[in-house]
Amino acid sequence: MAVRTADQTAIDEAGRLLRSGALVAFPTETVYGLGADATNGQAVAGIFETKGRPRFNPLIVHVPDLASAERLAVLSARARKLAHAFWPGPLTLVLTRRPDSGLSDLVSAGLDSVAIRIPAHPIARALLAAAERPLAAPSANRSGRVSPTLARHVHEDLGERPAMILDGGATAHGLESTVVDATGDATVTLLRPGAVPREAIEAVLGTALSSGPESDDVHPSSPGQLASHYAPNAAMRLDARDIRPGEALLAFGSPVPATEGSSINLSPAGDLVEAAAGLFAALRALDATGARTIAVMPIPEHGLGEAINDRLRRAAAPRP
Ligand code: TXA
Ligand code: MG
């Protein structure tokens, strides 16, 4: 069994595995990542193969500190401001890649930019120290599925394919990092809403984030933002104010419509932070009941609600 409690012995072994080109799944404060040495093209190719991920969808590179980020990419004044405010933490900056970065070209999927983040989770940080390499790490799920917030979810999706799955318990935010394009000096563009709310970033910048082009499956604003993603087996019915026969209920706040079917309340108190943390595990659990449809109560669009609703809309989108 590839799942190991993330003590120092396991982390040191995971570091050696990464240096030898193997894949290791590990917890971050957002979701679990599937890591590989970002400078090793074969190892990075293994990520795409293991996830069934299209090669045009670039990866996030995780580094331990700002100096490491600056060796890989160019930070504009605005990018540096964001880095100081939110790193380590769940913000990913898309930056202009340095020609001498040493990163595998596959990481950027042929773009001249690279997405970088400094994770805050102590196990992710210990692993970066043990590996002594920048780590490319997408969410550790099969492409198109819900991101894992527990080591068990990684094992359900990827089985024994990672050489090791480091178990650090449930992830704190439960949503992926917010991704912004900070390659230009004039504007910063929101590519993927995530664990850092838009309002917090705009407060630091002192200006509104630009939203970029509307994304669709042909022209994604960020290559990974395909309309259908996070897809459970069940169909999804959003903004549900009642329950129909045979539906499972994903509730938020109270009161909740009465149901005899399975039901999970993301936050009876209507707290978006709590709702985000439990969202993906709840989707997995309701899907596992075999319900044909998951009815989802309305969730407000402010703060983390923007990212929660983004994931729910993708889960509800027509499947390719
Ligand atoms: O919280 C997270 O971000 C997690 C943890 C493991 O760090 N990682 C994650 O990675 O969610 P992934 O691969 O599932 O999502 C990365 C997103 C994708 O939408 C991808 O298209 C976008 O970032 N991205 C990566 N590099 C990019 C680039 N150079 N330009 C534009 N978008 C990029
Ligand atoms: Mg992902």
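Taking R0 as 25 Å, what's the FRET efficiency between Val256 and Thr289 from their Cβ-Cβ distance, rounded to 0.05?
With R0 = 25 Å, the Cβ-Cβ based efficiency is 0.90.
Run the paramagnetic zone check for Val273: 7 angstrom along Cα to Cβ, then residues of the stretch 83-99 with backbone nitrogen under 20 Å.
85-92
Can you classify the stretch 1-99 as rounded, prolate or oblate using the Cα gyration tensor, where a ≥ b ≥ c are the square roots of its eigenvalues, rounded means a/c under 1.5, and otherwise it's prolate if a/b beats b/c and oblate if not?
Here the stretch 1-99 falls in the prolate category.
So for the chain: antiparallel DSSP bridges make up what percent, rounded to the nearest 5?
Counting DSSP beta bridges with both partners in the chain, the antiparallel share is about 45 percent.
Toward the positive end of the charge dipole of the stretch 30-73, about the Cα centre and with charges on Cβ (Lys, Arg +1; Asp, Glu -1), which of Leu66, Ala45, Val31 goes farthest?
Of the options given, the answer is Ala45.
Using r as the Cβ-Cβ distance of Arg237 and Glu49, and R0 as 35 Å, what FRET efficiency do you calculate, to the nearest 0.05?
E(calc), rounded to 0.05, equals 0.50.
To the nearest 20 debye, what charge dipole does the stretch 1-140 have about its Cα centre, counting +1 at the Cβ of each Lys and Arg and -1 at the Cβ of each Asp and Glu?
Details: 15 positive and 12 negative charges, 70 e Å.
I would put it at about 340 debye.
Say a site is exposed when it is one of the GluC sites (Glu not before Pro), sits in a DSSP loop, and has at most 16 other Cβ atoms within 10 Å; what is then the longest site-free stretch of the chain?
Numbers: sites that count: Glu132, Glu160, Glu214, Glu260, Glu301.
Result for the longest clean stretch: 1-131.
For Met236, which sequence-distant residues (separation of 5 or more, or a different chain) have an amide H within less than 5 Å of its own amide H, given hydrogens modelled in the peptide plane?
Ile294
Using a simple charge model, +1 on the beta-carbon of Lys and Arg, -1 on the beta-carbon of Asp and Glu, nothing else, what dipole does the chain show about its Cα centre, in debye to the nearest 20?
Charge dipole, the chain, about its Cα centre: 400 debye, nearest 20.
When ligands, DNA and RNA are left out and all protein chains stay put, how many square angstrom of accessible area per residue does the stretch 49-204 have with a 1.4 Å probe?
Result: 38 Å² of accessible area for each residue.
Answer rounded, prolate or oblate for the stretch 235-316, using the Cα gyration tensor with square roots of eigenvalues a ≥ b ≥ c: rounded when a/c is under 1.5, else prolate when a/b is larger than b/c, else oblate.
It comes out prolate by the Cα gyration axes.
Would you pull out the residues with amide H under 5 Å of Gly270's amide H, same chain only if 5 or more places away, H placed 1.01 Å from N?
Gly253
Considering only DSSP beta bridges whose two residues both sit in the stretch 58-187, what percent are antiparallel, to the nearest 5?
Around 55 percent antiparallel, to the nearest 5.
Scan around Gly168 for amide H atoms under 5 Å from its own, H built in the peptide plane at 1.01 Å from N, and keep only partners 5 or more places away or cross-chain.
Close amide H contacts, sequence-distant or interchain: Ala151.
Any idea what angle helix 77-86 forms with the longest principal axis of the chain, computed on alpha-carbon atoms, 0 to 90 degrees, nearest 10?
Value to nearest ten degrees: 60.
Using the Karplus equation 6.51 cos²θ - 1.76 cosθ + 1.60 (θ = phi - 60°), what ³J(HN,Hα) coupling, rounded to whole Hz, does each residue of the stretch 32-41 give in order, writing x for Gly and Pro?
Running phi through 6.51 cos²θ - 1.76 cosθ + 1.60 with θ = phi - 60° gives 6, x, 9, x, 8, 4, 6, 9, 10, x Hz.
Quick one: compute the contact order of the chain, relative version, from alpha carbon pairs under 8 angstrom and 6+ residues apart, as a percent.
Over the chain, the number comes to 20 percent.
Taking the Cα of Glu132, stepping 7 Å toward and past its beta carbon, and measuring to each backbone N in the stretch 1-36: which are under 18 Å?
9-22, 36, by backbone N distance to the label point.
If you roll a 1.4 Å probe over the heavy atoms of the protein chains, what accessible area per residue do you get for the stretch 235-316, in Å²? Spell out each step's value before the answer.
Working: 3660 Å² over 82 residues.
Per residue, the stretch 235-316 has 45 Å² of solvent-accessible surface.
Which chymotrypsin sites (Phe, Trp or Tyr not before Pro) in the stretch 9-77 sit in a loop by DSSP (not H, G, I, E or B) and have at most 15 other Cβ atoms within 10 Å of their own Cβ?
Sparse-neighbourhood loop chymotrypsin sites (Phe, Trp or Tyr not before Pro): Phe56.
At 7 Å along Cα-to-Cβ for each site, give me the label-to-label distance between Arg152 and Ala186 in nm.
Once both label points are built, they end up 5.2 nm from each other.
Taking all protein chains in place and a 1.4 Å probe, what share, in percent, of the accessible surface of the chain do carbon and sulfur account for?
52
Scale the Cα Rg of the chain by the rule-of-thumb value 2.2 N^0.38 Å and send over the ratio, two decimals.
For the chain, the normalised Cα radius of gyration is 0.97.
Nearest 10 degrees is fine. How inclined is helix 272-288 to the longest principal axis of the chain, computing both from alpha carbons?
Taking the Cα atoms of the chain, the angle to 272-288 is about 70 degrees.
The values are calculated or read from the model by the stated rules, or taken from the named source; none is laboratory data. Please read all numbers here as calculations on a predicted model, not as lab measurements. Methodologically, a virtual Cβ is constructed for each residue, glycine included, from the backbone with ideal geometry; neighbour enumeration extends over all protein chains shown. These accessible areas exclude ligands, DNA and RNA; they are computed on the full protein's heavy atoms, side chains included. Shrake-Rupley method; radii C 1.70, N 1.55, O 1.52, S 1.80 Å.
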